[in-house]
Amino acid sequence: MSIDEIKQTAPGLMREHSTTDFRSSGIARLIGMTAPALYRYVADRAELLTALIVDAYDDLGQAVAQARDRVPLDDPGSRFVTVAQAYRQWAKDEPQRFALILGLPVPGYHAPVEAPTTEAARRAMTQLKALFSEAARLGRPAPTDAARRRRHRRRLPRRRPARTHRRTRGVAMRVSAPIARNLVRRGST
């Protein structure tokens, strides 16, 4: 028995109950041990949740980085698209882990401040931030013609923008543009 086996069992239990919350006794039962024996490997439920959150952020960051690195540096538009698709695919493949890190808070769990979860989140989000910095450095944040041609060649369906009320559409654009500029400025310093 190891902490890795315990961490592999927890997401299955979360899937089974369709929630990010779980009981240590449920994990112990699935592994074939008693709940008190589980605490030889983890101090408490909070420590196990912290470890699961750190692993989820690390896996998300790794998926995004691998996707980003498959596309040439001089094509930031394609890099944005590829990273967005990798991010979405990871969320679809790992719904419980995605909910654990970016969903509603787990009842009764309070992440330690400036602890492993914070560092793991920074590492994962740094992968996304790097895209903005690279695009700003190249001076081409928009998709290139090459990216459009590749998309057409692969015959991916064109995504329509979400239907929004005409008043909110302008608000979204006014809000998202400054956020992107701020990220670019921070990443290039």
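A few points about this structure:
- Computed label-point distance, nm, for sites His110 and Asp93 using a 7 Å Cα→Cβ extension: 3.6
- In sequence order, the stretch 49-62 has phi-based couplings of 4, 4, 5, 5, 5, 4, 4, 5, 4, 5, 5, 4, x, 5 Hz under the Karplus curve 6.51 cos²θ - 1.76 cosθ + 1.60, θ = phi - 60°, and Gly or Pro positions carry x.
- Listed by Cβ neighbour count within 10 Å, with the fewest neighbours leading, Thr20, Thr126, Thr34, Thr9 appear as Thr34, Thr126, Thr9, Thr20.
- Shown here for the stretch 1-91: trypsin sites (Lys or Arg not before Pro) in loop regions (DSSP other than H, G, I, E, B) with at most 15 other Cβ atoms within 10 Å, namely Arg23, Arg40, Arg70.
Read-outs throughout are calculated quantities, based only on the coordinates presented, and are distinct from any laboratory measurement. Everything quoted here is computed from the prediction, not taken from an experiment. So basically every Cβ, Gly included, is an ideal-geometry build from the backbone, and we count neighbours across all protein chains shown.
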